[in-house]
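What follows draws every value from the coordinates through simple rules; no lab data is involved. These numbers come from a predicted model, not from an experiment. A quick note on method: Cβ atoms are made from the backbone with ideal geometry, for glycine too, and the neighbour counts reach across all protein chains shown.
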Amino acid sequence: MNKQKSYYQRFMEMSDAEREQEVAQFDREFIADEFKPLTPAQRRKWNKLQAAMKAEHRKAVGRPKKGAGVKVISLSVEKNLLERADAAAKKNDLTRAQLVARGLELALAKLAS
């Protein structure tokens, strides 16, 4: 199968003089005035690219999953207990969520035995 070379590959194969001629078109002022609306084929290609970029961005955004993922909850805790928990977490280089998760694991293990 004869695959067409990319613009980059064709550009890199050019001589220095050809490259200078190719990039000279971008050295002018106000070249945006010469732009034209996208053709329907170009618009489809652009929309496909935009969708792919959004999908890739959605994959990369956020914290990595742990186990089966996480569930954000709202929890009421007595102020003094929360202050003590935060101090203990800080002392042990843990986040509040990590401390609560460890506490839940210990409580569940104790209840199971």
TODO: Calculate, in nm to one decimal, what E18 and F35 gain on full extension: separation in residues at 0.36 nm each, minus their alpha carbon distance.
DONE: 3.8 nm
Task: Candidate values [x] 28.7, 80; [y] 12.8, 39; [z] 42.7, 132, label of the one derived for Rg and Dmax of the Cα atoms in Å - done: [x]
Task: Helix runs (DSSP H) in the chain reaching 20 Å along axis by Cα, Kyte-Doolittle at least -1.0 - done: 96-112
Open item on the list: Going 7 Å from the Cα of K66 along its beta-carbon direction, which residues of segment 79-113 have the amide nitrogen within less than 18 Å of the resulting point?
Closed with: 85-109
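Could you work out the local net charge near L94, counting Lys and Arg as +1, Asp and Glu as -1, over the other residues with Cβ closer than 11 Å to its Cβ?
Details: positive: K90, K91, R96, R102; negative: D86, D93.
For residues surrounding L94, the net value is +2.
Given a Förster radius of 30 Å and the C-beta distance between Q25 and R58 as r, what FRET efficiency does 1/(1 + (r/R0)^6) yield to the nearest 0.05? Don't skip to the end; give the middle numbers.
Details: r = 36 Å, r/R0 = 1.20.
That pair, Q25 with R58, gives E of 0.25.
Determine the alpha carbon to alpha carbon distance for each of K71/K110; K54/K90; K5/K48 and list only those over 28 Å. If you can, show how the numbers build up before the last one.
Working: K71/K110 23 Å; K54/K90 37 Å; K5/K48 21 Å.
From K71/K110; K54/K90; K5/K48, over 28 Å: K54/K90.
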